[in-house]
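The values are calculated or read from the model by the stated rules, or taken from the named source; none is laboratory data. Note that the coordinates shown come from a computational prediction; the quantities given were computed from them, not determined experimentally. Every residue, glycine as well, gets a Cβ built from its backbone with ideal geometry; the counts of neighbours run over all protein chains shown.
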Amino acid sequence: MPSAAPRTLSATQTSTKKSPAKGKKSTKPVAGAEDLRRETDSMGEMYVPSDALYGATTQRAVLNFPVSFRPVPQAQIEAHILLKKCCAEANAELGELAKDKAAAILAACDQLLAEFAQPAPFGMPHPRMRHFPIDVFQTGSGTSTNMNVNEVVANVASQRAGKAIGSKDPVHPNDHVNYGQSSNDTYPSSMQIAGALRITRDLIPALVRLAEGLEKKAKAWDKVVKIGRTHLMDATPIRLGQEFSGYAAAVRFSVTRAKAACTALASNMPIGGTAVGTGINAHLKFGRTVCAKLTKATGVKFVEAANHFEAQSTRDCVVEAHAHLKTIAVSLTKIANDIRWLGSGPRCGLFELSLPATQPGSSIMPGKVNPVICESVMMVACQVIGNDAAITMGGLGGIGSLLELNVAMPVIAERLCESIALLANASNMFCDKCLDGLELNEAEATGTVEKSLMMCTSLAPVIGYDNAAKVAKEAFKTGETVREYVLRNKLVEPKQLTKLLDATSMTKPGGKGPGGG
């Protein structure tokens, strides 16, 4: 295949007019448009860059939708190619597609997937994405992208057979690559495949890694007693390990939520419903057979929808899945923000922790270092929450979900794929750039415990709530610690006071007091 990027023609490079002989549109190249090939589709002629692996229908979509200049995500393109492969396998097994045609499609899909498996230059689009140029904001059913994949697979098959690109030999993009399928069941299926695979392969491992890192810190710092804070005000003592165990538990819950999101996507596959859910032009066993092929190929259990009319007319399964992703994002903000607070300072903040210095923090204040990794994680959460709003809107009846089809699928799929990638990348970054190098400032963390006025909480069962409150207020006025004030006023015997004000015991279950709050 050609390694150079195909040129995607703009409207100024082509002109469309009707052919008087046939009454069909014919797109002619204008002066200066070189290295083109002429293709045809059901609407007439279209000139396509000669090195492009797509055809006329894709080129029309490129011209029709110059909106964001963001292509459909690579994750979904790969999933769509995998789906085409499994569809060809299923059709061959069911006797619906000649084995030589199916073999040509399988080989073309395998080649494309192998090429996508090669890493792209860091931060750059994969070179193969140049053959999938259609904007996200396209036809709401994703028909343009489905045909884009059909055309590319057919043209790769042509190349492998020594035929010309665009010859539709040995396989036709509609008649063979798309056999037994519709954009209306393939596009929602591929978005669910993309989401389920990326959650399984990228997000869950990243979250497990983050949980393990937090658990390691929790264990290392389990004996470090510090002052707790509620409402950003002094509270009773807590061990730093306990604080971090809460963060670790939140991420373990995030792993559970990610698995639930994967199940929501994989257990309601629309494939087999074709145009409106009736399964017209598809074998009765097509959907379940494709899902079995997908399961075998990926290790993720994909299940045909129990009701194809629901599966194609709504995107509720994606709304549900992304709700879990939004919750994961919310959990990450709690952890990142707390660590940001605990690392504030170094002289005028809490500074119980030292965050790794990753880059200069200010263009005007020399030596300043900021919690930039925490900030990055929190901005990711903002985007994921925004994506959740977009997906929810796309799923609403009358906006996206309309009669027999959801017509906001491309933006739903893009936002889903982005959220998974952002959460996975942010979790890995948080481990690498913050958590691994996070250090304890023990003197700062433990030094405020004795000063805290909330140490009086353990006195309440002995001297009463009102008297304990008076101790806190008077000690604050005099500048004494609770211990100093109580001893001076002989409110509790010294030996008993030592036991009552044992900070470590305050962090263990079974302590007595008048109540929380």
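So if I check each of K168, K163, K216, which one is assigned by TED's automatic domain parsing to the domain that holds I412, of a type outside the set (S, T, N, Q) and without any contact (Cβ under 8 Å) to a residue 24 or more places away in the chain?
Of the residues listed, the single one that is assigned by TED's automatic domain parsing to the domain that holds I412, of a type outside the set (S, T, N, Q) and without any contact (Cβ under 8 Å) to a residue 24 or more places away in the chain is K216.
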Tabulated pairs, region 123-143, first under 19 Å from P49 (Cα atoms), second modelled with pLDDT under 95 and buried (at least 17 other Cβ atoms within 10 Å of the Cβ), C-beta under 7 angstrom, 6+ apart or interchain = R130/P6; H131/P6; P133/T8
Please state which of the following conditions A264 fails to meet, knowing it meets all the rest: (1) surrounded by fewer than 23 Cβ atoms within 10 Å (Cβ to Cβ); (2) closer than 30 Å to L500 by Cβ; (3) touching a residue at least 12 places away in the same chain (Cβ under 8 Å).
-> (2)
Looking only at region 384-414, and only at residues there that are among the charged types (D, E, K, R) and surrounded by fewer than 23 Cβ atoms within 10 Å (Cβ to Cβ), the one that is nearest to I193 (Cα to Cα) = D388
Mind checking whether some residue in region 181-201 is among the acidic types (D, E) and more than 17 Å from K85 (Cβ to Cβ)?
-> no
Within region 395-424, which residues are out of contact with any Leu (no Cβ under 7 Å at 6 or more places or on another chain), under 20 Å from A329 (Cα atoms) and not aliphatic (A, V, I, L, M)?
-> E414, R415, C417, E418
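Here is a yes/no grid of residues against (1) over 50 Å from the mean Cα position of the chain (by Cα); (2) buried (at least 18 other Cβ atoms within 10 Å of the Cβ); (3) not assigned by TED's automatic domain parsing to the domain that holds Q496:
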| residue | (1), (2), (3) |
| --- | --- |
| E439 | no, no, yes |
| P461 | no, no, no |
| G464 | yes, no, no |
| A469 | no, no, no |
| A472 | no, yes, no |
| K477 | yes, no, no |
| R483 | yes, yes, no |
Of all residues in region 212-242, how many are out of contact with any strand residue (DSSP E or B) (no Cβ under 8 Å at 6 or more places or on another chain) and charged (D, E, K, R)?
-> 5
Matching entry among A460, A445 (being within 23 Å of D222 (Cα to Cα) and part of a helix (DSSP H, G or I)) | A445
Taking C456 as the residue in question, decide whether it is within 30 Å of I199 (Cβ to Cβ) and of a type outside the set (D, E).
-> no
Hey, could you check region 290-313 for residues that are of a type in the set (V, I, T) and either surrounded by fewer than 21 Cβ atoms within 10 Å (Cβ to Cβ) or free of Cβ contacts under 8 Å to residues at least 12 places away in the same chain (or both) and say which is nearest to M409 (Cα to Cα)?
-> V303
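Of all residues in region 369-378 being crowded, with 21+ Cβ neighbours inside 10 Å and of a type in the set (V, I, T), which is nearest to the chain's Cα centre (by Cα)?
Pass one, region 369-378, residues crowded, with 21+ Cβ neighbours inside 10 Å: 371, 373-374, 377.
Checking which are of a type in the set (V, I, T) leaves us with 373, 377.
Details: I373: 18, V377: 13 Å.
So, considering only residues that are crowded, with 21+ Cβ neighbours inside 10 Å and of a type in the set (V, I, T), the one nearest to the chain's Cα centre (by Cα) is V377.
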Answer yes or no: is there a residue in region 345-363 that is of a type in the set (D, E), in a loop (DSSP other than H, G, I, E, B) and at pLDDT 95 or above.
-> yes
Among the residues of region 53-72, write down those that are within 26 Å of R415 (Cβ to Cβ) and in contact with a Leu (Cβ under 9 Å, 6 or more places away or on another chain).
-> V62, L63
Find all pairs meeting these conditions: Cβ atoms under 8 angstrom apart; at least six residues apart or on different chains; first residue within region 56-85 and in the same structural domain as Q111 (by TED's automatic domain parsing) and among the hydrophobic types (A, V, I, L, M, F, W, C); second residue modelled with pLDDT under 95 and in a helix (DSSP H, G or I).
-> L63/A11
Working only within region 267-287, note down all residues that are within 29 Å of the chain's Cα centre (by Cα) and not in a loop (DSSP other than H, G, I, E, B).
-> M269, G287
Residue count for region 472-511, restricted to those that are of a type in the set (D, E, K, R), assigned to a loop (DSSP other than H, G, I, E, B) and over 30 Å from D222 (Cβ atoms) = 3
Of the residues A336, A381, which is crowded, with 19+ Cβ neighbours inside 10 Å and more than 19 Å from A413 (Cα to Cα)?
-> A336
